[in-house]
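> Starting off with a structure, shown below.
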Amino acid sequence: MQEHSLSQRAVAETLGTALLVLVGPGSVVATLVLAGKSTPAVSGADLLGISFAFGFIIAAMVYAIGKVSGCHINPAVTFALAATKRFPWREVPSYWAAQVVGAVLGALGIWALFGHTGIDLGMGQTSFNQDATTWASAIFAEGIGTFMLMYAILGIVDSRSPGDFAGLIIGGVVVAIIMVVGPVTGASLNPARAFGPELVLAIGGGTTHWNQIIPVYILPGLAGAALAAFAYDFLATPRTVRQPIESAVTHPDPVEALAAK
């Protein structure tokens with residue numbers, strides 16, 4: 001059986017994550033540029049447009065690189081798959097490295113497109129207003145958002161599910177989650193997506209929120225994705241039903257079985 005090499009899969013993950021960050025957070029910067037000085041800077045309609053940008057690029061990547069690397073493009077997805085023995089732990093560092101590098105490259109692409117305006121407008125970074133949102137709410141938002149994403153991914157890629165529309169379903173789920181979680185934390189749902197713009201902002205001298213990265217945008221995502229994978233396995237895997245004693249000790253009549261043929 002032919003299989004893509006680890007280097008091919010790593011490059012695919014780098015490219016996929018780079019394009020995710022370029023288009024997703026890039027759409028946030030583009031929206032702010034178009035909004036100018038209007039208030040609010042991002043309206044409900046804008047949020048819908050941003051969520052569709054994320055959804056469409058993810059759908060495209062599922063079809064483009066899913067056959068190569070599985071299209072994880074998210075350290076939380078890779079972690080959850082490894083935790084449930086769907087993915088080898090020995091390859092996790094390669095995937096994580098590829099995803100982080102891709103996220104940084106995507107953020108550099110935003111900087112290249114918008115120049116210092118992109119830095120001034122936050123590079124589409126994910127952060128939350130500590131005056132309006134509690135840490136507990138932010139942590140829960142990222143955790144439950146990533147849980148929903150991972151659960152949907154496992155459901156649609158299950159061999160028992162129709163997989164022709166996997167990319168559209170996963171992209172649509174991202175749109176739905178962003179519409180709910182976006183106003184709270186920016187709906188990162190992806191540690192690499194959160195890290196890339198933050199690092200480029202630091203390089204460009206922009207305002208950063210490093211204190212939020214690990215407790216809100218990395219750990220809850222990893223935990224939420226892993227919990228979703230374990231929950232899916234518990235609910236979706238058929239269980240062996242213990243037969244009543246009568247059924248266990250009764251065997252088909254061989255004469256009747258032969259006559260039935």
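> How many residues are farther than 22 Å from I214 by Cβ, within 16 Å of the chain's Cα centre (by Cα) and free of Cβ contacts under 8 Å to residues at least 60 places away in the same chain if we restrict to region 65-86? Steps first, answer last, please.
Initially, region 65-86 is screened for residues farther than 22 Å from I214 by Cβ, giving 65-71, 84-86.
Then keep just the ones that are within 16 Å of the chain's Cα centre (by Cα); that gives 65-66, 69-71.
With the extra rule that they be free of Cβ contacts under 8 Å to residues at least 60 places away in the same chain, the set shrinks to 65, 71.
Total satisfying the criteria: 2.
> Right, another one. Regarding region 200-219, can at least one residue be identified that is closer than 17 Å to R86 by Cβ, in a helix (DSSP H, G or I), at pLDDT 90 or above and open to solvent by less than 10 Å² (accessible area, probe 1.4 Å)?
Initial filter on region 200-219 (closer than 17 Å to R86 by Cβ): none.
No, because not a single residue in region 200-219 is closer than 17 Å to R86 by Cβ, in a helix (DSSP H, G or I), at pLDDT 90 or above and open to solvent by less than 10 Å² (accessible area, probe 1.4 Å).
> Take the residues in region 117-141 that are among the small types (G, A, S), in a helix (DSSP H, G or I) and open to solvent by less than 30 Å² (accessible area, probe 1.4 Å); name whichever of them is farthest from G186 (Cα to Cα).
If we filter region 117-141 for residues that are among the small types (G, A, S), which is where we start, we get 118, 122, 124, 127, 132, 136-138, 141.
Of the ones still in play, those that are also in a helix (DSSP H, G or I) are 118, 136-138, 141.
Going one step further and asking which of them are open to solvent by less than 30 Å² (accessible area, probe 1.4 Å), we end up with 118, 138, 141.
Details: G118: 17, A138: 10, A141: 10 Å.
The selected residue is G118.
> Additional query: If P88 satisfies all but one of (1) touching a helix residue (DSSP H, G or I) at 6+ places or on another chain (Cβ under 6 Å); (2) over 21 Å from E142 (Cα atoms), what's the number of the condition it fails?
The one condition P88 does not meet is (1).
> Can you tell me which residue within region 142-158, out of those that are of a type in the set (G, A, S) and in contact (Cβ under 8 Å) with a residue 60 or more places away in the chain, is surrounded by the most Cβ atoms within 10 Å (Cβ to Cβ)?
Just the residues of region 142-158 that are of a type in the set (G, A, S), to begin with: 143, 145, 152, 155.
Of the ones still in play, those that are also in contact (Cβ under 8 Å) with a residue 60 or more places away in the chain are 143, 145, 155.
Values: G143: 22, G145: 26, G155: 18.
Result: G145.
> Another question, if that's okay. I'd like the full set of residues that are closer than 14 Å to P183 by Cα and not hydrophobic (A, V, I, L, M, F, W, C), limited to region 20-68. Explain how you work it out, then say what you get.
Within region 20-68, the subset closer than 14 Å to P183 by Cα is 28, 40-51.
The answer is P40, S43, G44, D46, G49, S51.
> Working carefully through the options V180, V174, find the one that is among the β-branched types (V, I, T), open to solvent by less than 20 Å² (accessible area, probe 1.4 Å) and part of a helix (DSSP H, G or I). Talk me through it step by step, then tell me what you get.
Working: V180 fails: open to solvent by less than 20 Å² (accessible area, probe 1.4 Å).
Step by step, each of V180, V174 is checked, and only V174 is among the β-branched types (V, I, T), open to solvent by less than 20 Å² (accessible area, probe 1.4 Å) and part of a helix (DSSP H, G or I).
> Follow-up. Take A103 and decide whether it is in contact with a helix residue (DSSP H, G or I) (Cβ under 9 Å, 6 or more places away or on another chain) and within 20 Å of I203 (Cβ to Cβ).
On the way: in contact with a helix residue (DSSP H, G or I) (Cβ under 9 Å, 6 or more places away or on another chain): yes; within 20 Å of I203 (Cβ to Cβ): yes.
Yes; evaluated as a whole, the condition is true for this residue.
The values are calculated or read from the model by the stated rules, or taken from the named source; none is laboratory data. Note that the coordinates shown come from a computational prediction; the quantities given were computed from them, not determined experimentally. Neighbour counts run over all protein chains shown; Cβ positions are idealised from the backbone, glycine included. Calculation scope for accessible area: heavy atoms of the full protein, side chains included, ligands and nucleic acids excluded. Shrake-Rupley method; radii C 1.70, N 1.55, O 1.52, S 1.80 Å.
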